[in-house]
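Below is a structure I'd like to ask you about.
FYI, it's all coordinate maths here, none of it is from the lab. Everything numeric here is computed off the predicted structure, so don't read it as measured data. Cβ: placed from backbone, ideal geometry, glycine included. Neighbour counts: every protein chain shown.
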Amino acid sequence: MNTIYVLWLRQLKRYFRSKSRIIGSLGQPLLFMVALGFGFGPIFQKAGAGNYMEFLAPGIIAQGILFTSMFSGTEIIWDRQFGFLKETLVAPVSRLNIMIGRTLGGATIATIQGVIIFFLSLLVGFKPTSFFSVIISLVVMFLMSLLFTGLGTAIASTLDDFQGFQLIMNFLVMPMFFLSGALFPLNGLPKVIEVISHLNPLTYGVDGLRAALTRASHFGLAVDFLVLLLISLVILSLGSYLFSKIEI
């Protein structure tokens, strides 16, 4: 437990020490909310779909969590190249504990990122239904963070260079975001896009946040929660296995 706590704390210290990283990671979500929210808002409303900012904000929160979680895997490659990972792995502690500590640290940072974006969304006009809905959304955020931090760790455990990781991330992160229903409703999509969206784990995170914060949901909060929980367990198990196979 001490190893898990130390690695979790190390991840948080590294995050809060980098002010430019925090500010830089908020630029894209804020741009999406302002440009898309106010740009497409009137069109969305004329189509009879309601307030676009209320629809968009949960998707942008999910985007911030996705990006932060997945790219936390780069720290494994960074630590490997600079020797810190080797020092950690040769220590008389379980690799499972190391992986858990790193994953919890990355998931906590991603959740904090989601909370910051949530507060930014309040500034541009988003209004959650109640305080209790915000509490539920925090649970969904943390589940999403665990899932995608585990996925980023699993991918990074099989690579040893930044270029390969960035390439894979670009082929995963952007399609997952755009096909998650974060920017558009899931109703009436072409069959192929609909199937892909239903297979995309981020879709259930976006829908879960919408269900919690606005009470508008495509699948239902219970289904979203269950799917996120099951996929998180699978991904974390896979990440633990791949991390245990890292050669030093």
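Suppose every Lys and Arg Cβ carries +1 and every Asp and Glu Cβ carries -1, with no other charges. What dipole size does the chain come out with about its Cα centre, to the nearest 20 debye?
Roughly 440 debye for the chain.
Please say if the stretch 128-187 is rounded, prolate or oblate, where rounded means a/c under 1.5 for a ≥ b ≥ c the square roots of the C-alpha gyration tensor eigenvalues, and otherwise the choice is prolate for a/b larger than b/c and oblate otherwise?
Values: a/c = 4.07, a/b = 1.72, b/c = 2.36.
The shape class here is oblate.
Quick one: go through the stretch 150-174 and flag any residue whose amide nitrogen is under 18 Å from the point 7 Å out along the Cα-to-Cβ line of L238.
Counting only backbone N, you get 150-160, 165-174.
Taking a cut-off of 20 Å between Cα atoms, list the aspartates and glutamates near K245, but don't count ones fewer than 8 places away on the same chain.
E75, D79, E87, D160, D161
For a quick protection proxy, order the peptides 65-76, 124-135, 151-162, 166-177 by their average other-Cβ count within 10 Å, most packed first. Before the final figure, lay out the partial values.
On the way: 65-76: 24.3, 124-135: 13.8, 151-162: 20.1, 166-177: 15.5.
Ranking, from highest mean packing down: 65-76, 151-162, 166-177, 124-135.
³J(HN,Hα) across the stretch 66-73 via Karplus (A = 6.51, B = -1.76, C = 1.60, θ = phi - 60°), whole Hz, x for Gly/Pro?
4, 5, 5, 5, 5, 7, 5, x
Could you tell me which of G220, L7, S180 has its Cα farthest along the dipole of the stretch 2-244 towards the positive end, charges placed at Cβ (Lys, Arg +1; Asp, Glu -1), taken about the Cα centre?
L7
Then there's this: With the cut-off at 1.5 for a/c, could you classify the stretch 161-211 from its C-alpha gyration tensor as rounded, prolate or oblate?
It is prolate, given that a/c is not under 1.5 and a/b is the larger ratio.
For F119 and Q28, calculate 0.36 nm times their separation in residues minus their Cα-Cα distance, and state this gained length in nm to one decimal.
Details: separation 91, 0.36 × 91 = 32.76 nm, distance 1.49 nm.
Separation in residues times 0.36 nm, less the Cα-Cα distance, equals 31.3 nm.
Let me ask something else about it. What is the extension gain from R95 to L199, computed as 0.36 nm multiplied by their sequence separation minus the C-alpha to C-alpha distance, in nm to one decimal?
In short, 34.4 nm is gained.
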